[in-house]
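The values are calculated or read from the model by the stated rules, or taken from the named source; none is laboratory data. Quick caveat, the model's predicted, so the values are computed rather than measured. Neighbour counts are summed over all protein chains in view; Cβ atoms, including those assigned to glycine, are modelled from backbone coordinates with ideal geometry. The area values use the complete protein model at the heavy-atom level, side chains included, leaving out ligands, DNA and RNA. Shrake-Rupley method; radii C 1.70, N 1.55, O 1.52, S 1.80 Å.
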Amino acid sequence: MAATLPVVLPGDQISPSSLPKPTKGNKPLTLGPGLQHIPPNTISTTIAGALVTDAKKNAAWVEYNSGRYTPTAGDLVIATIATGGAESFNCTITPNTPYASLPNLAFEGATRKTRPQLATNSLVYARILTANRDTAPELTCVDPSTGKSEGLGPLKGGMVFKISLGMARRLLAGRKGGVTVLGGLSEKIGFEIAIGRNGVLWVDGGNVKTTLAVGKAVQEVDEHALGPEGQKKVVSKVLRDI
Amino acid sequence: MPREAEISVNEREFIQQALRENTRLDGRAFDTFRPLELTFGDEYGVADVKLGKTRVIARISVEVTAPLPERKFDGVFQIVTEFSPMASPAFEVGRPTDAEVILARILEKAIRRSNALDTESLCIIAGLKVFHLRADVHIIDHDGGLIDASCIAVMAALQHFRRPDVIVEGEKATVLSVREREPIPLSILHTPLCVTFSYYEEGEIFLVDANLAEEQVRQGEIIITMNRHGEVCQIAKYGGATVDALSLLNCNNVALEKVKDMSKFIQERLEADAKRRDAGGLMAELSAENDR
């Protein structure tokens, strides 16, 4: 993450100069998490964090590391099956949120006759379809437009590691997130990962040692907020141990 | 809708597989504790214990009450546990979980009934006035090992606590404030400490100080309480699987070693705290304690 992002505190007013300039046309300005619009034309912050702007999308939001996950539509999460029903599974996203429902038919190739059999407490990688304040969130393991799973579905084997929400977001952001530890490790060892926005990282390295090494490396980067150099050191240490 | 996050099938299998391969998740050996931290508050009788991510605070307070009619010469000692909802989503105020009931019972057996505290020394006037000592145990963060951490916290707080001095003239007792006379330490007869063993694979594998994930996977637990002289105060076993006598003896030996280490650690921390308070070296002169 670039170190030049301005830091904002709750209640700060955002000056028009720090808002993104639309590159073409008159796309309306989109405000993301942590920003609110007070009519007629004041924009203020509601949380502390780094102000991020995207000129191409004409959007601005506040990047922050919060403790509790709130389900938002479109997020990828790793959920635990709590109970199975006739129509849908009840899933736990975090222990603090209400159960989310995952319909039996929301899996790739699932029909009324070939329903997926998932045991209690097994893990699924799913996308949040709808989430609002008054109803339980709904999950899906297929892309509604194509009917393909696109990597979503039950997670077999492996191990989950708790990471901070900010870290999960950075990992999902790819190169923009500035987390190089996984890329560095994958040059030498093979493993499979899934990142849940609810602060869960699932790793399967084929054996206990690899899985643990990868998970611990990410947790260490997360806990000590390591920069690029620190991450390189972690990678070389892990590879030396394996 | 708060509830305990149940451990997933994947984690359960992974932890068991790792244990079969002699690996713990945090890379510890099977018989090591997580790093233990102990700090004392500014007031007497406040101990803050951190065992890995688990955090427990114990606080001792005292008041003067009438003794129980059947125990006229004994002071009252009470241990109260409180599980804060911020420690885990499973904890709710006013609705004790199984863990809370077990913790309260073990502390009762380990500390109160093993006579760690000489309650007779809390008597002011027989049958009329005694000190009522209360130990509040607050669970601030829960990552397993609550029993061990709470026991350390209570014992450390008891040794750190100072009760006010009293002057008795006939039936009249005057409690002297801290400014009038330096408070007196409690008379502690011995320091019992708990070591919890979690067992797996039908009693083949024993772990000392399991964290929360390991606790959720275990088949059962054995809690051994002893003091540094190797006197066993209580042994409790919860969980269904059987354990053979030889491994129980083995656990006792490991527990003794751990208890010795922990007692030494508590003593060191107490001495460091006493040194910090002893500004100008006047503590020895101020002391109102009678030499026995």
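Accessible surface buried at the A:B interface totals approximately 1700 Å², computed with a 1.4 Å probe on protein heavy atoms. If you take the Cα centroid of segment B:96-122 and the Cα centroid of segment B:204-220, the two points sit 23 Å apart. Once the gyration tensor of the Cα atoms in segment B:1-156 is diagonalised, the equivalent ellipsoid follows with semi-axes of 36, 17, 14 Å, ordered largest first. Other protein chain C-beta atoms within 10 Å of residue C-beta, averaged over B:11-20: 4.
In the full protein context, the protein assembly as shown carries 52 Å² of accessible surface per residue, based on a 1.4 Å probe and ignoring ligands, DNA and RNA. Under conditions of 4 °C and 1.567 mPa s, segment A:76-155 yields 104 µm² s⁻¹ as its translational diffusion coefficient, taking Rh as the Kirkwood radius over Cα pairs in the Stokes-Einstein equation. Here the average projected area of the convex hull drawn through the C-alpha atoms of the protein assembly as shown stands at 34.4 nm². Within segment A:76-155, what whole-number % of the accessible surface is contributed by carbon and sulfur, with the 1.4 Å probe and all protein chains included in the calculation? After summing per-atom areas, the C and S share lands at 49 percent.
In summary, the convex hull built on the alpha carbon positions of segment B:39-91 has an orientation-averaged projected area of 5.8 nm². Put simply, when B:148-161, B:24-37, B:181-194, A:167-180 are sorted by average Cβ atoms within 10 angstrom per residue, most first, you get B:148-161, B:181-194, A:167-180, B:24-37.
Taking every alpha-carbon pair in segment A:7-63 and binning the separations at 10 Å intervals from zero gives 26, 58, 16, 1 percent. Taking the convex hull of the alpha carbon positions in chain A and averaging its projected area over all directions gives 15.8 nm². At q = 0.09, 0.21 Å⁻¹, what is the log10 ratio I(q)/I(0) for segment A:1-139, with the Debye formula run over Cα points and no solvent? Rounded to two decimals, the profile gives -0.42, -1.16. How much of the accessible area of segment A:159-241, in percent, comes from carbon and sulfur atoms when a 1.4 Å probe is used? Taking all protein chains in place, segment A:159-241 shows 51 percent carbon and sulfur surface. Computed over segment B:9-291, the P(r) tail beyond 37 angstrom holds 19 percent of alpha carbon pairs. Antiparallel beta bridges, as assigned by DSSP with both residues in segment A:67-140, represent about 95 percent of the total such bridges. Peptides A:194-206, A:93-105, B:118-130 ordered by packing proxy, namely the average of other Cβ atoms within 10 Å per residue, highest first: A:194-206, A:93-105, B:118-130. Rounded to the nearest 500, the helix-only mean residue ellipticity at 222 nm of the protein assembly as shown stands at -7500 deg cm²/dmol, with each DSSP H run of n ≥ 4 adding -39,500 (n - 2.57). Per-residue packing, averaged as other Cβ atoms within 10 Å, sorts the ranges B:52-58, B:197-203, A:9-15 into the order B:52-58, B:197-203, A:9-15, beginning with the highest.
For the residues of A:153-163, the average number of beta carbons from a partner chain within 10 Å of their own beta carbon is 3.
Cβ screening of chain B for cysteine pairs under 4.7 Å finds these without a partner: B:123, B:233, B:251. Each principal axis of the Cα cloud of segment A:159-241 was taken in turn, and the coordinate range along them, longest first, works out to 27, 27, 20 Å.
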